[in-house]
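Here the structure is laid out as structure tokens; the discussion comes afterwards.
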Amino acid sequence: MTTSPVATADPTQPVAQRLAGTRVVVTGGARGIGAEIAIRLTSDCARVAVLDRLVDDGTALAARLDGCFAPADLADPASTASAVEARSLIAANRPGKIINIASMAGKSGGAGQAHYAASKAALIALTRVTALELGASCITANSLCPGHILTDMGAATRTDDDVATWSTYSPLGRLDSPRDVAGVAAFLASPDSDYLTGQAINVCGGMHMG
Ligand SMILES: NC(=O)c1ccc[n+]([C@@H]2O[C@H](COP(=O)([O-])OP(=O)(O)OC[C@H]3O[C@@H](n4cnc5c(N)ncnc54)[C@H](O)[C@@H]3O)[C@@H](O)[C@H]2O)c1
């Protein structure tokens, strides 16, 4: 999932209005972490567009946020391109921020999760390449690395014992919530992060500290 805000906010504004005038695209934003990011950035006064393949959920969330929804299969380059074509960050020649949602697994691995951990490690590397290539266009790129979050992802196989065990991995004694990730995404979307690029930021309650 990628969140692509265009930051135009005035750094002297109160935090709750810091994203006024900012346009944000939240890919995979119809539910879960993406939906929480869309809600948080809207509450910070950004205008949010949700891209997702879940048409009913995406449409309902966009209506609730007074934003817009575009159906897109992000696994299909043509579908994705047509959905984002009208707010291309580079073509708009404006500063922008790309926030990729990687995972703690991209750093620490995970038994039985070779494909997932490898894809998240690749996303962390892709984020660094993006930061190098787009820095001259005033576009930053960072990734977030959440730990375990009780969304629909993995719900079919997750047990109460898993949740109890995973919670002990954090010095804080609990799992992430989508809101934890959305708060850091809001920071990355704000002018406070203007000199941050190419980073892979852990949002995992200290489960992984590297
Ligand atoms: N839940 C966790 O524990 C956890 C931990 C670390 C990282 N992550 C990462 O966070 C991101 C979001 O995960 P989540 O837990 O919110 O999952 P989720 O399943 O609740 O939400 C994923 C969203 O992405 C959309 N989506 C998926 N594939 C799509 C496609 N091809 N085209 C359009 N939309 C598509 C879904 O429709 C859904 O709205 C993922 O990249 C996941 O790997 C999740």
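Each reported figure results from applying straightforward, stated rules to the coordinates on display, with no laboratory input. It should be emphasised that the depicted structure is a prediction, and the values quoted were computed from it without experimental measurement. Neighbour counts are summed over all protein chains in view; Cβ atoms, including those assigned to glycine, are modelled from backbone coordinates with ideal geometry.
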- prompt: Okay, helix-only estimate at 222 nm for the chain: each DSSP H run of n ≥ 4 adds -39500 (n - 2.57), divide by all residues, round to 500 deg cm²/dmol; what do you get?
  reply: -11000 deg cm²/dmol
statement: With label points set 7 Å from each Cα along the Cα-to-Cβ direction at Ala20 and Arg179, the distance between them in nm comes to 2.5 nm
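Please give the peptides 102-111, 41-50 ranked by average Cβ packing (other Cβ atoms within 10 Å per residue), highest first, as a rough proxy for protection.
Output ranking for 102-111, 41-50: 41-50, 102-111.
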Linear extension gain, Ala114 paired with Glu85, 0.36 nm per residue minus alpha-carbon span: 7.1 nm
message: Could you give the length gained by full extension between Ala122 and Val55, i.e. 0.36 nm per residue of separation minus their alpha carbon distance, to one decimal place?
response: 21.3 nm
field: Ranking of His115, His208, His148 by count of other Cβ atoms within 10 Å, fewest first
entry: His115, His208, His148
- request: Could you check the simple spin-label distance between Asp66 and Thr165, using points 7 Å along Cα→Cβ, in nm with one decimal?
  value: 4.7 nm
